[in-house]
Every structure is written in C-alpha cells, then in structure tokens.
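Values quoted throughout were computed directly from the atomic coordinates according to the rules given, and no laboratory measurement underlies them. No experiment lies behind these values; they were computed from the predicted model shown.
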Amino acid sequence: KELELIFKDIGNAPLLISDEMLAGSPYCGLVNRGIIANRLGELIPEAEVIIFLRGQADLIQSQYNELVKDGWFANDLDESFLNKPGDGFSYKDWVDGMRESNVQNRRFRPRGLFSTTHFNYSKLLSLYESRFSQVHVYLYEDFKENLNETLTSLEYILSAKIPRLPQDRNLRINPSLDETELRLRI
C-alpha cells in the first residue's frame, strides 16, 4: 500500500528502494524474504534489482561483532553462534519463557534465531531472478576495493550521477571492535 501511494505522488519518476531487509532477516528465519520479493514483483515487475552480497565469513564476523557491541551476545564466536534451519527454541521453551527481549533476560538470542539459510545466496538470487528480468549482483568486498569502478557501473544502471567522497574521508560509519575490545564487551 505504501508503494502504491508513493507511485501516485511521483508518477513515472525513478524510485530507488534500498533496505537490507529486502534479502530477508536471518533473525526471522527469512520468512519475509519471499513475501517481499513477491510483493515487489507484483507491484513493479519491470524494476531492475541490484543486490550487494558480502562474503559469508566476513558477514558472520560482522553480525557477531554487532551483537557483542549491543550486549546481546556474550559468548565466543564458535559453531553455537549459528544454527541450522529448524534449530532454536522448543515449544516448551517458548511457552515457559519470558516474552520481553532485553539485555537483562536475553531470552531471544541469535543462537536460537539466526539461520544459516541467510547465507545461501543462490536461493536469494533465484528468487529475485524469477520475479524480475534484470538482476545485478555486486560483491561488498569489490565495492570496498574498487569503489570508483563499482560506482561507475551503478551510475550506468541507475542513469544517474553518484557523488564521490574525498579520497581521504573515512567511510567506516560502524567501526569493528578488535579482539581486546570484544573481550571487554563480553
């Protein structure tokens, strides 16, 4: 409904929609991945889709760092951090557990909800390719290493000029913690 209202306002003007949730949330078991792709495909089937993928090992480390920084995870990064689809809370755990999600009770933790299915990029790509005729894939690592080349390629797709930041400007908005800082947070 929101997009329909936006289209009424902008008419045929280009529209850029960007949100990492378009790939589904690993914390929600990716249930929203198909819903989002289907709805967008029905509403704007002629849209061009641009997908940025990050190497799985780096993405897992990044997710781990974020959850430690936020106080939601206090264990080492090992195989218990990720679970296979279907792992997680039992029905009894759900019924008996507290409903609040906060740092004190940590009832909802990524060990129970973070799905490895999120890292199966071939399924994500197949999903979008089945609903849209033009799907462009970029790798986050290439973006970091070859910023200007990637931006030039995106300008061609978007038919728009993308402003460049000065070369000496630090793009790290969300800095990582080193091992010592992570230990202190844990």
Quiz item: Between Tyr138 and residues 5 or more places away or on another chain, which pairs have amide H atoms under 5 Å apart, with H built 1.01 Å from N, and which residues are they?
Solution: Ile51, Phe52, Leu53
Self-check item: Added length on full extension, which subtracts the Cα-Cα distance from 0.36 nm per residue, Glu145 to Ser62
Solution: 28.1 nm
